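As structure tokens, the structure follows; a few thoughts come after it.
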Amino acid sequence: MKAQYINPFLTASVNLFRNYLGVECSSKAPYLNQDPQNLDEVTGIIGLAGETVGAVVLSFGRETAIGIASKMAEKKYTTLSNEVIDIVGELVNIVAGNAKKDLLEFRISISLPGVLVGGGSKIKWPASVPVITIPFDSELGPFSVNVSLKV
Amino acid sequence: MKILVIDDAMVMRNIHKNILLDFGIPDTDLFEAPDGKQALQIATSTSIDLFLVDWNMPELSGLDFVKAIRAMGCYKETPIIMVTSEAARYNVLEAIEAGVTNYIVKPIKAGLLKEKLEKHVLWGGEK
């Protein structure tokens, strides 16, 4: 997948986590993920439709999810509560919605977000569409932005 | 001034409500709904002066809510601020066509939302 299709999601993520939430973070080189079911414990998922099919998945370890949710809500969470899960859904909603503005040719519509917790649930990636993973290091722990977009 | 905050994410409803409380809007004048369908029910039973509405919600989307509320005679001129992650230009145009008064793309700093709200909450409209 060309960088021009990944960069909107990278830009939206940096804008959300670093510029808006003030989380010190840096992205590493994106790579083709050969095992996209093997993500972290907390995953926010949103489907992409329109003149393409795809999905965006944000994946966090439990503590990272709790830490980032605390930043978002400006309150201290200590457990993976319903509020934290609610916020993870909102985060992936923002990344996907913001990335749309740089992918106008696809007239993307986004689904409602869903959040999976634990390793037992399977993510329904679009068939035969590669998944590109953008890893991030952050002060609150690593996380990743995973994008599948049929081009 | 009665304000209805509509967003399926509780955290966003709370952020918006806290800003409105900072303006001095009493808690009793703040209403909230997690989707457009429940928002319509509230708007039918209570006279609302300002709507803050998300786009992507279950049951009834923000866009369909705006169309429905504008079709009600009593809400033809009521300010509606859409606060959404939908950043594509065609989304903004679609929302304006449906009847929104103002459009804000998430994530937003509280200051920007305050600035937009001031025009309606403190001054009673765009100046």
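Summary table
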read-out	value
Shielding by other protein chains, A:100-109, mean Cβ within 10 Å	3
Efficiency of FRET between A:A49 and A:Y20 - r from beta-carbon atoms, R0 30 angstrom, step 0.05	0.70
Whole-Å semi-axes of the ellipsoid equivalent to the protein assembly as shown (Cα gyration tensor, √5λ, descending)	33, 21, 16
Violating pairs (Cα-Cα greater than 32 angstrom) within the set A:K122/B:K67; A:K28/A:K100; A:K28/B:K67; A:K122/A:K150	A:K122/B:K67; A:K28/B:K67
Computed FRET value (nearest 0.05) for A:K150 with A:N38, which takes r as the C-beta separation and R₀ as 22 Å	0.50
Rg in Å to one decimal, and Dmax rounded to a whole Å, for region A:1-77 via C-alpha atoms	13.9, 41
Three-way shape label, region B:73-115, alpha-carbon gyration tensor, a/c 1.5	oblate
Value of Rg/Rh across chain A [Cα atoms, Kirkwood radius]	0.93
Magnitude of the charge dipole, the protein assembly as shown, Cβ model with Lys/Arg +1 and Asp/Glu -1, debye to 20	440
Peptide A:90-97 - average C-beta neighbours from other chains (10 Å radius)	6
Shape call, region B:1-126: gyration tensor on alpha carbons, a/c limit 1.5	rounded
CD proxy at 222 nm, helix term only [per DSSP H run n ≥ 4: -39500 (n - 2.57); per residue of chain A; nearest 500]	-9000 deg cm²/dmol
28 Å Cα-Cα threshold exceeded, pairs from A:K76/B:K114; A:K2/A:K75; B:K2/B:K76; A:K71/A:K101; A:K2/B:K106	A:K2/A:K75
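Just so you know, all these numbers are worked out from the coordinates, no wet-lab data involved. Since the structure is predicted, the reported quantities are computational estimates derived from the model, not experimental observations. Heads up, the Cβs are rebuilt from the backbone with ideal geometry, glycines too, and the neighbour counts pull from every protein chain shown.
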